[in-house]
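The values are calculated or read from the model by the stated rules, or taken from the named source; none is laboratory data. Computed from a prediction, not measured in an experiment: that's the story for all the values here. All Cβ positions, glycine included, derive from the backbone under ideal geometry; neighbour counts span all protein chains shown. Remember, those area values only see protein heavy atoms, side chains included, never the ligands or the DNA or RNA. Shrake-Rupley method; radii C 1.70, N 1.55, O 1.52, S 1.80 Å.
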Amino acid sequence: MMLIEETAIADAALPVDQFKAHLRLGTGFAEDNVQDEVLKSFLRAAIAAIEARTGKVLIERGFSWRLNGWRDQAAEVLPVAPVASIDAVTVTDAVGDETALDADAYRLEQDSQRPRLRSAGSSLPTIATGGAVKIAFTAGMSTDWGGLPADLGQAVLLLAAHYYEYRDETALGAGCMPFGVTSLIQRYRTVRFGAGVAQ
């Protein structure tokens, strides 16, 4: 399995001015924008970390997911949420020939935690031994920053500020995330009921 982010978050979607205000950076100087690229990198890092912890995509963008076989022939749970649309499903055989499935052969079963690609019939198409399937989809909670839930937006700003303030620190423990951030994102984390649960 391999998940690929096909489109990146546009610079215009990043809340650089909000982040500057959060950091209480000075304004009104000729060099107001001198740190913009650095601030964008910290915002992108914070978004990526929160998305990894929650399994939720914050700003809408395109992804592709490649599988060598279905876990469930009736429906495949997608790796992130929420999914807005399934854009294409392509099956590749053992010699590399690709076949795009008709859009009426499958449907998206939307779910805030575990969205699924579901067959329109009795089962998803067979994947030959040595073959694969690629699912192209669009996922995200909002098309822009303003549409995000306030608590997630605040969590991104807090974590980006933490990264900014401790940018030279190398002794922090692995997976270190400030308590305020973890408490804000807690309700968005995927609930799991036991090891190996796929549905």
Surface per residue (accessible, 1.4 Å probe) for region 9-137, Å²: 50
Relative contact order (%) - criterion: Cα under 8 Å, at least six apart; region: region 1-85: 51
Projected-area average for region 25-124 over all orientations - Cα convex hull basis, square nanometres: 9.7
Percent carbon-and-sulfur accessible area, the chain, ignoring ligands, DNA and RNA, probe 1.4 Å: 51
Residue with peak Gaussian network fluctuation, the chain [Cα springs, cutoff 10 Å], from SER85, SER41, SER183: SER183
Per-peptide average of other Cβ atoms within 10 Å, ordering 134-140, 105-111 highest first: 134-140, 105-111
Charge-dipole axis of region 31-84 as Lys and Arg at +1 and Asp and Glu at -1 on Cβ define it, positive-most pick from GLN35, GLN73, ALA84: GLN73
DSSP bridge orientation in the chain - percent antiparallel, rounded to nearest 5: 95
Cα pair distances of the chain binned at 5 Å [whole percent]: 1, 7, 14, 16, 16, 13, 11, 8, 7, 4, 2, 1, 0
Within-12-Å neighbourhood charge of ALA100 [Cβ basis; K, R +1; D, E -1]: -3
Theoretical FRET efficiency, 1/(1+(r/R0)^6), r = Cβ-Cβ of GLU169 and GLN18, R0 25 Å, to 0.05: 0.55
Cβ-placed point charges (K, R +1; D, E -1), dipole of the chain about Cα centre in debye, nearest 20: 800
Under-5 Å amide H pairs with ASP87, H placed in peptide plane, nonlocal only: ALA136, PHE137, THR138
Whole-number percent relative contact order across the chain, with pairs defined as alpha carbons under 8 Å at least 6 apart: 27
